[in-house]
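Asks: Questions regarding the structure given below will be posed in turn.
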Amino acid sequence: MQTLPPGRHLLRSRDPIDARYRGPLDVPRLAAAAKLSPAHFSREFRRAFGTTPHRYLLTRRLERAAALLRTTDRSVSSICFAVGLRSVGSFTTSFSRAFGTTPLAYRAAHPPAAHRARIPTCVLQAYSRPQVSSFREDSDPAPG
């Protein structure tokens, strides 16, 4: 029977982090998914992906928080809890370290797409015209 390289087992633990970053994930659970002991799992994870499991999970949560800050008007605390973090203060500190700015400043620097979109007047007029015409000429069949 051929044994799989350790990297394949580590993917079994990284995939749940990517898919279920909101939930409570800890090293023992992830190590069990990779079929490794927690200490060995942490070392191998860092060797394979260049970061610790905790840092990888935090990065996924912060990336999702940044996307929510750009695309929604939810409060910072609501976003913090939605991505699986438990402390708004820690969230703000971690976010500032990762993105170089506070969550509120990040949101201000990335206004919603509705504020950036420029629709030409001719397009607005074409789509705002009534679809059903009430002109008599339009409703009569062509003379034959």
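The values are calculated or read from the model by the stated rules, or taken from the named source; none is laboratory data. Computed from a prediction, not measured in an experiment: that's the story for all the values here. No Cβ is skipped: glycine too gets one built from the backbone with ideal geometry, and neighbour counts run over all protein chains shown. These accessible areas exclude ligands, DNA and RNA; they are computed on the full protein's heavy atoms, side chains included. Shrake-Rupley method; radii C 1.70, N 1.55, O 1.52, S 1.80 Å.
Asks: As an exercise: evaluate Ser90 against (1) surrounded by fewer than 13 Cβ atoms within 10 Å (Cβ to Cβ); (2) at pLDDT 80 or above; (3) more than 29 Å from Arg107 (Cβ to Cβ); (4) of a type outside the set (Val, Ile, Thr) and give the number of the one condition it does not meet.
Replies: Result: Ser90 passes all but (3).
Asks: Next up: Kindly indicate whether Thr101 is out of contact with any helix residue (DSSP H, G or I) (no Cβ under 9 Å at 6 or more places or on another chain) and exposed (fewer than 14 other Cβ atoms within 10 Å of the Cβ).
Replies: No; evaluated as a whole, the condition is false for this residue.
Asks: Of all residues being assigned to a helix (DSSP H, G or I) and exposed (fewer than 13 other Cβ atoms within 10 Å of the Cβ) in region 17-36, which is farthest from the chain's Cα centre (by Cα)? Just the residue, please.
Replies: Filtering region 17-36 for residues that are assigned to a helix (DSSP H, G or I) and exposed (fewer than 13 other Cβ atoms within 10 Å of the Cβ), the one farthest from the chain's Cα centre (by Cα) comes out as Pro28.
Asks: Tell me, yes or no, whether region 65-73 has at least one residue that is hydroxyl-bearing (Ser, Thr, Tyr), at pLDDT 90 or above and out of contact with any Ser or Thr (no Cβ under 9 Å at 6 or more places or on another chain). Talk me through it step by step, then tell me what you get.
Replies: Within region 65-73, the subset hydroxyl-bearing (Ser, Thr, Tyr) is 71-72.
Still in the list and also at pLDDT 90 or above: none.
Within region 65-73, not a single residue is hydroxyl-bearing (Ser, Thr, Tyr), at pLDDT 90 or above and out of contact with any Ser or Thr (no Cβ under 9 Å at 6 or more places or on another chain).
Asks: Additional query: List every residue pair whose Cβ atoms sit under 8 Å apart, with the two residues 6 or more apart in sequence or on different chains, where the first one lies in region 65-90 and is outside any helix (DSSP H, G or I) and the second, anywhere, is open to solvent by 50 Å² or more (accessible area, probe 1.4 Å).
Replies: Asp73/Pro112; Val83/Arg22; Val83/Arg64; Gly84/Arg22; Gly84/Pro24
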